[in-house]
1. Residues in segment 250-263: is at least one among the basic types (K, R) and in contact (Cβ under 8 Å) with a residue 12 or more places away in the chain?
2. Check S327, S292 and return the single one that is of a type in the set (G, A, S) and closer than 30 Å to W269 by Cα.
3. So for segment 378-388 (the condition being more than 19 Å from A146 (Cα to Cα), part of a helix (DSSP H, G or I), within 38 Å of the chain's Cα centre (by Cα) and assigned by TED's automatic domain parsing to the domain that holds A82), does at least one residue qualify?
4. Could you check segment 241-294 and list, in sequence order, the residues that are within 24 Å of P184 (Cα to Cα), of a type in the set (F, W, Y) and in a helix (DSSP H, G or I)?
5. Please count how many residues of segment 346-371 are more than 29 Å from A76 (Cα to Cα) and part of a helix (DSSP H, G or I).
6. Please go through segment 172-185 and pick out each residue that is surrounded by fewer than 20 Cβ atoms within 10 Å (Cβ to Cβ) and at pLDDT 95 or above.
7. Which residues, counting only those in segment 273-290, are among the acidic types (D, E) and either buried (at least 20 other Cβ atoms within 10 Å of the Cβ) or not assigned by TED's automatic domain parsing to the domain that holds W311 (or both)?
Amino acid sequence: MEEPQAWVPSDPRSRPSHDQVVAGLKGIDEGGPELVQLLTPEGERTTDHRFDAYSADVGAEELKALYRDMVLVRRADREGNALQRQGELGIWVPLLGQEAAQVGSGRALRSQDMAFPSYREHGVAWCRGIDPTELLGIFRGTDHGAWDSAATGFHPYTIVIGNQCLNATGYAMGQRFESKVGDPDTGEATICYFGDGATSQGDVHEGFVWAAAYDAPLVFFCQNNQWAISVPLSRQTRVPLYQRARGYGFPGVRVDGNDVLACLAVTRWALEECRTGNGPVLIEAFTYRMDSHTTSDDATRYRLADEVELWKLKDPIERVRVHLVRSLGVSQDFFDGVEAESEALAVRLREYCRAMPSPGPERMFSEVYAEPSPQVEAQREEYLAYHASFDGEA
């Protein structure tokens, strides 16, 4: 009997059969032969002798918790997208499709570690104990991030592409200089998040150079979602991104970014390397951005619907759900409970956003310096007087 042929999406109106879907999933080269994968798109558990030990403690309850994380993070993301469309937010940066990369790596962090995000790491923020409501001010234009970075181990969002790599490198060098590296249990490490497009920025490469030269305990975590806004990965590099680490003298690993278990295990390994003095490390999470770059972007103008449809078959949440049901016998009651929790989160986010007060014009001057500055005070008084001159005008 002949093996079923994988579906070739030449006609967008066609739909693959079940056998074609399975054949296509098994035939897809997801990131190359060196890709680390512990949970296949079909929801089957696999082994990898390099990283199995770093996921050995993940049983049914732990996997259910990771599933819950991803579902709630996705629901918060979808609500943020909807709020922007309704005029409640100025912009939103979606993470749809990247939940496994962010939750897996975020849950690998310890309390003493520090994370430096770009502007899309809503899932990592969730793992660091930051409520999604605390993200809304950034996109509503009322603050730059309301959380305590020192207490949460989560730096404010960085809007300038790649700049967080320099900040993270400096912080990690400080950990090295202050002798906070060496002990596998109490040692500290830093992780820095950026996208494939940022790898074309000089700041990223400068971070690589300095981190390598000073053996900084830093995990560079690149979420390769295939598109730097409208520029495909093929225009960014001739070699897989993880292989770039070799040029700087430190290891690079490519992991299935839609596999939360693999992302957890590989990041645990990389952080342990850094805590014990063997950093830095580059992780390339091979994933896909299912939505537009931001709500100001229209991805349908530069990529094909067929490509998106193929990546839907690798959905990071669905593969965990399938594994929980088929392999671990998790009942529907659990999934219904998570779904109800996600809806309640969406309602809370929506109500919070619509009730957010609009700060007065003096707010832009109040958080500039830790101590009063005569120059800023003078500018503040001048501006407020100018602003008040318009009171009562039509």
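1. Yes, there is a match, as at least one residue in segment 250-263 is among the basic types (K, R) and in contact (Cβ under 8 Å) with a residue 12 or more places away in the chain.
2. Just one listed residue meets the conditions, S327.
3. No, because not a single residue in segment 378-388 is more than 19 Å from A146 (Cα to Cα), part of a helix (DSSP H, G or I), within 38 Å of the chain's Cα centre (by Cα) and assigned by TED's automatic domain parsing to the domain that holds A82.
4. Within segment 241-294, W269 is the sole residue that qualifies.
5. 2
6. Answer for segment 172-185, where residues must be surrounded by fewer than 20 Cβ atoms within 10 Å (Cβ to Cβ) and at pLDDT 95 or above: M173, G174, F177, E178, S179, K180.
7. E284
Yes/no per residue for (1) in contact with a helix residue (DSSP H, G or I) (Cβ under 9 Å, 6 or more places away or on another chain); (2) at pLDDT 95 or above; (3) of a type outside the set (D, E, K, R):
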site	(1), (2), (3)
L218	yes, yes, yes
P232	no, no, yes
G252	yes, yes, yes
V255	yes, yes, yes
A262	yes, yes, yes
P280	yes, yes, yes
E307	no, no, no
L313	yes, no, yes
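The values are calculated or read from the model by the stated rules, or taken from the named source; none is laboratory data. Just so it is clear, the model here is predicted, and its values are computed rather than measured. Cβ coordinates were reconstructed from backbone atoms using ideal geometry, including for glycine residues, and neighbour counts include every protein chain displayed.
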